[in-house]
1. Could you list all residues from the range 514-534 that are in contact with a helix residue (DSSP H, G or I) (Cβ under 7 Å, 6 or more places away or on another chain) and under 14 Å from A467 (Cα atoms)?
2. So, in the range 4-26, exactly how many residues are open to solvent by 30 Å² or more (accessible area, probe 1.4 Å) and either modelled with pLDDT under 95 or of a type in the set (A, V, I, L, M) (or both)?
3. Determine which single condition T440 fails, assuming it passes every other condition in (1) over 28 Å from the mean Cα position of the chain (by Cα); (2) surrounded by 15 or more Cβ atoms within 10 Å (Cβ to Cβ); (3) free of Cβ contacts under 8 Å to residues at least 40 places away in the same chain; (4) under 19 Å from V534 (Cα atoms).
4. Give me the pairs, please: first residue somewhere in the range 517-539 and of a type outside the set (D, E, K, R), second residue anywhere and in a helix (DSSP H, G or I) and surrounded by fewer than 12 Cβ atoms within 10 Å (Cβ to Cβ), beta-carbon distance under 8 Å, and either six or more positions apart or on two chains.
5. Within the range 141-168, how many residues are at negative phi and open to solvent by 40 Å² or more (accessible area, probe 1.4 Å)?
6. G43 fails exactly one of the following numbered conditions: (1) closer than 17 Å to A296 by Cβ; (2) surrounded by fewer than 17 Cβ atoms within 10 Å (Cβ to Cβ). What is the number of that condition?
7. Can you confirm whether the range 19-30 contains a residue that is assigned to a loop (DSSP other than H, G, I, E, B), farther than 17 Å from I77 by Cα, in contact (Cβ under 8 Å) with a residue 40 or more places away in the chain and of a type outside the set (S, T, N, Q)?
8. So H97 passes all but one of these: (1) touching a Pro at 6+ places or on another chain (Cβ under 9 Å); (2) part of a helix (DSSP H, G or I). Which condition number does it fail?
Amino acid sequence: MTLSDNGQQTTTPTATTAALRRALHGPHDQQRARVRQAVAALGDAPRPGMTYVEQAALAPALLRQVIAGLGGSAQAIAADPVLRGQLCEEAAVCAPHLLPVLTGHFSLAIGAVIALGTPGDTYQQSCLQALDGGDAVGVLMLTELGGTNGNDQRTTATWDPATREWVLSTPDLPGAKFMPNIAAGGVPKIVIVTARAFVDSRDEGVLPFLVRLRTTDTVLPGTTIAALPEKTFTPMDHALTWFTDCRIPASALLGGDWARLDGDRFMCEVAVPQRWHRVTGPLGDGRLDLAVASLACARAGIAGLWNFAVQRRRPGHHAPMAELDAVVHNLLDAVISVYAGSVLARLLREQRAHTPGDPDHLLRATATKPALTLIARDVLDVCRLRTAAHGSLLPSRLGTWADTVFAALIAEGETQVMQLTAGRALRDRAPWHLPGTPATVAWPVGLLAERERILRDELDKGNPTGAGPVLGPDAATLVWWAAVLDRLLATALLVAAAATNDPRAQDLLTEMSCAYAWARVRTDASWLLDHDQVFGSDARITAIMLGHYERLADALPLLVAALDVPDLPGSPLSGPDYTAPYRDLFAGTGFRS
């Protein structure tokens, strides 16, 4: 691969670039440009010298500004999966202090009120109005110090017929609500609290309650808030929260027409064990939004590494860093996995927009979020290593993006738990196929599908060691989950290839699908051989995989350009001269380089 002086091909195939961008981002260019402009107008950037608390305090004002910049209604943003996802993507790259509050405000608070609440209820509508313009920040209070706990949550909400109020109580330290961003004063916070409801001494399962927890000056009586120690990343005002005889109005129950009080009698059409699943339905939007935000960081990291590598000449080499085969291989691994993840996320987001009542959305988001965020983490690790000291500087933003992805990974607890939950649930369903999947797929993608089928059969027979050298059924389920996601990621690229009319884009998307699939086949070659699924040596599989990589290598400038990452002022990884930010450090000193 030979580059021009600026790292671009002599003639940029504009139609192909546009087709690849459409595959990655969908057909919403004008809206995406509007979102990018609104986020850029915030002027957010890395803030050296600010304390953790000072940085956490920036979010509420940024939230109000971006809501105003996008039309003034947070409810409208929350109701549009594509718009909301675009906002999370742009904020992840260009507004690091805004992103941490976005999913809580739009998906988990407003989304929960809209999905679970009672239209026309005066109390709930007043809360929505405060959230709509960002006058109050929305937060979900689900996790407890002892864990999420599902139907066994320890926080309780007891109905008091004498006062016609719900009474929130925390029975012990493991039941305290853990990590909600409510510690800072001066900002109104409206929260969704999940708690086990008790009516007439009967446990009615876990239900959601809408609570005005903070005003500008006060905290709801009966609430004790203790600020948690600072994290090493993503500044937020996290807290540990204890309720003692905390009284909230009857209308705080977000039950809509499915869970309600008739006088003092509780009515619910959903069985107690299933109420938790109804309550957590809105979580799917937040999970997918965190995944797309993480992938946006990975795309930005690749663009930064590429821009640096085409300029940087390695000591002892006349060729730029981007022509070294080891660097090209790193870039190809990153580009292929990020394209696969970005296309899969885009397909899921569009499916959510077209079928808003789809009951399987939460499961799909739960299954894909760990895979997509882990892709982003691995890609950013490579970008940080290849850019070394330059990428370590705060203006490069690589460290900030890596922190963003790690925060997304652990936002709902330990990632492996989510993988296991999704893997178990997927085994109870028919195989998951993406809309638009071609009737015939490339052979290596078919091998991934066959591996997935065999693993499922082994698990159904109670034979976890059929998954390989694992200690038991949990580890086998993780192998099965990974097999499902490998097949979906490779297939997503084929879906995008089939949907484009540009022949060059179609070829590149197909090549990436095959490259991704063959890389996974090579990793699992011995297992596949044991199950009579591949024929030939490991060397033959490697040669086929590398053939796809070699054909993609010449298209790297095009593939990176289609990622469509904005320029980032002050970053040595952005712009035509990576030395410019360093030259600027001498401004005003009288020194001339």
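1. If we filter the range 514-534 for residues that are in contact with a helix residue (DSSP H, G or I) (Cβ under 7 Å, 6 or more places away or on another chain), which is where we start, we get 514-522, 524-525, 528, 531, 533-534.
D524, A525, L528, H531 - these are the residues of the range 514-534 that are in contact with a helix residue (DSSP H, G or I) (Cβ under 7 Å, 6 or more places away or on another chain) and under 14 Å from A467 (Cα atoms).
2. Kept after step one, since they are open to solvent by 30 Å² or more (accessible area, probe 1.4 Å), are these residues of the range 4-26: 4-6, 8-15, 18, 21-22.
So of that shortlist, the ones also either modelled with pLDDT under 95 or of a type in the set (A, V, I, L, M) (or both) come out as 4-6, 8-15, 18.
Adding up the residues that qualify gives 12.
3. Checking T440 against (1) over 28 Å from the mean Cα position of the chain (by Cα); (2) surrounded by 15 or more Cβ atoms within 10 Å (Cβ to Cβ); (3) free of Cβ contacts under 8 Å to residues at least 40 places away in the same chain; (4) under 19 Å from V534 (Cα atoms), the one that fails is (2).
4. Listed by first residue and then by second, the contacts come to nothing, as the list is empty.
5. Of the residues in the range 141-168, the ones at negative phi are 141-146, 148, 151-163, 165-168.
Adding the requirement that they be open to solvent by 40 Å² or more (accessible area, probe 1.4 Å) leaves 143, 145-146, 148, 151-152, 154, 158, 161-163, 165.
Residues in the range 141-168 being at negative phi and open to solvent by 40 Å² or more (accessible area, probe 1.4 Å): 12 in total.
6. Here G43 clears every test but (1).
7. At the first step, the residues of the range 19-30 found to be assigned to a loop (DSSP other than H, G, I, E, B) are 26-28.
From what's left, farther than 17 Å from I77 by Cα: 26-27.
Add one more test, that the residue is in contact (Cβ under 8 Å) with a residue 40 or more places away in the chain, and what stays is 26.
When the remaining residues are screened for being of a type outside the set (S, T, N, Q), the result is 26.
Yes: one or more hits.
8. Single failed check for H97: (2).
The values are calculated or read from the model by the stated rules, or taken from the named source; none is laboratory data. Everything quoted here is computed from the prediction, not taken from an experiment. For neighbour counting, all protein chains shown are included, and Cβ atoms are generated from backbone atoms with ideal geometry for every residue, glycine included. Keep in mind that these areas ignore ligands, DNA and RNA; they rest on the heavy atoms of the full protein, side chains included. Shrake-Rupley method; radii C 1.70, N 1.55, O 1.52, S 1.80 Å.
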